[in-house]
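Here the structure comes first, spelled out in structure tokens, and everything after it is commentary.
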Amino acid sequence: MQDPYSRELEVAADAVRRAADRYVRSDGGPSEEKENAVGSYDLVTYSDRQAQEDIIRTISAEFPGDLFIAEEGEENSLTDARTWVIDPIDGTLNYERGIPMFGTQLVLMIGKEPVMSVIYLPVPEEMFTATVADGVRLNGMPVKPCGGHDLKKCIVSTGDFSRKKQEWRDIHYTLIGAMKDEVARIRMFGAACVDFAYLASGRTDIHIRFVNKLWDFMPGLFMARVSGAYVDEELLSEKRFLLLTRTAEEASQYRDIVLSQIDM
């Protein structure tokens, strides 16, 4: 099956790799604190803005009519038009502190639906790509995620505590307590790009988070779907809570054993 988005994928992968090569060699440049709804600490660096500009410039040169939604000042409304959703440096605090769990991610949406996504983790030089026609690939090679496990053997990654709602932060905290004795390990990588790439490639089994901005979750959620992961659609649509697992059986166990203890 010929991939109708092969050119877009090629351009996107080149754009994020070039931007990341530049910001990895940089010291981040000046940074400033960002405000958020719950008042927790967050920041943006010069490199975030520079990477975003670089990516948009490269993509616009090839697809001049396309639109953009991006973290640093490109919060446009999503329409049916071809729109690139970009997180220039996901895991900025990790990046700023020299913790190598960060990356760049983007997704192309057409008719408000994702059609291809890219996640690049520059420190290990891992390029994850996803299209429906070509599946999920890591550095050009097809990814074969592992099968499902009993919940007790699952590695669960969680997103950071929400910076949008205190209610979400409180539920998240309670969830960690509820599952601490029910799963093999709990991981908080501090970067959605790592969470989703690892789930899609079978390095972790379950991922949970409250979803907020498109650039935070859409590139990775699309990639996970393409990989064959299971998404609890009811929780996502009604609670903005993402329960993402390798199999439906894992999701069922998580709901019965962990979520049953929580008032969502």
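List of remarks:
- Surface exposure of the chain, expressed per residue as accessible area with a 1.4 Å probe, stands at 46 Å².
- Charge sum, other residues only, whose C-beta stays under 10 Å from A197's C-beta, Lys/Arg counted +1 and Asp/Glu -1: -1
- Across the chain, Cα pairs under 8 Å and at least six residues apart give a relative contact order of 17 percent.
- For F68, the residues whose modelled amide H falls within less than 5 Å of its own, excluding neighbours fewer than 5 places apart on the same chain, are W84.
- Note on the chain: helix-only mean residue ellipticity at 222 nm, from DSSP H runs of 4+ residues weighted -39500 (n - 2.57) and normalised by residue number, equals -11500 deg cm²/dmol.
- Within the accessible surface of the chain, defined with a 1.4 Å probe on protein heavy atoms only, the carbon and sulfur portion equals 47 percent.
- Across segment 3-16, rounded Karplus estimates of 3J(HN,Hα) from the backbone phi angles (6.51 cos²θ - 1.76 cosθ + 1.60, θ = phi - 60°) give 7, x, 10, 5, 5, 4, 5, 4, 5, 5, 4, 5, 5, 6 Hz, Gly and Pro being marked x.
- Just checking the listed ones, I206, I110, I55: in the Gaussian network model of the chain with Cα springs under 10 Å, the one fluctuating most is I110.
- Long pairs among K153/K239; K153/K213; K165/K239; K153/K180; K213/K239; K144/K213, criterion Cα-Cα beyond 23 Å: K153/K239; K153/K213; K144/K213
- Where only C-alpha atoms are counted, convex hull volume of the chain per residue in Å³: 124 Å³
- Diffusion coefficient of segment 109-203 by Stokes-Einstein, Kirkwood radius over Cα pairs, 25 °C, 0.890 mPa s: 160 µm²/s.
- Loop-located GluC sites (Glu not before Pro) in segment 108-210 whose Cβ has at most 16 other Cβ within 10 Å (DSSP): E125, E182
- Here r is the Cβ-Cβ distance between D3 and E234 and R0 is 22 Å; the resulting FRET efficiency, rounded to 0.05, is 0.10.
- Here's how it looks for G135: its modeled amide H is under 5 Å from none belonging to a residue 5 or more places away or on a different chain.
- Summarising the amide proton neighbourhood of T247: residues at separation of 5 or more, or on other chains, whose placed amide H is nearer than 5 Å comprise Y230.
- Per-residue 3J(HN,Hα) values for segment 99-113, derived from phi via the Karplus relation 6.51 cos²θ - 1.76 cosθ + 1.60 with θ = phi - 60°, read 8, x, 10, 7, x, 10, 9, 7, 9, 9, 10, 10, x, 6, 10 Hz in sequence order (x marks Gly and Pro).
The values are calculated or read from the model by the stated rules, or taken from the named source; none is laboratory data. Quick caveat, the model's predicted, so the values are computed rather than measured. FYI the Cβ positions are ideal-geometry reconstructions off the backbone, even for glycines, and counts take in every protein chain you see. Each accessible area value is taken on the protein alone, full model and side chains, heavy atoms only, with ligands, DNA and RNA left out. Shrake-Rupley method; radii C 1.70, N 1.55, O 1.52, S 1.80 Å.
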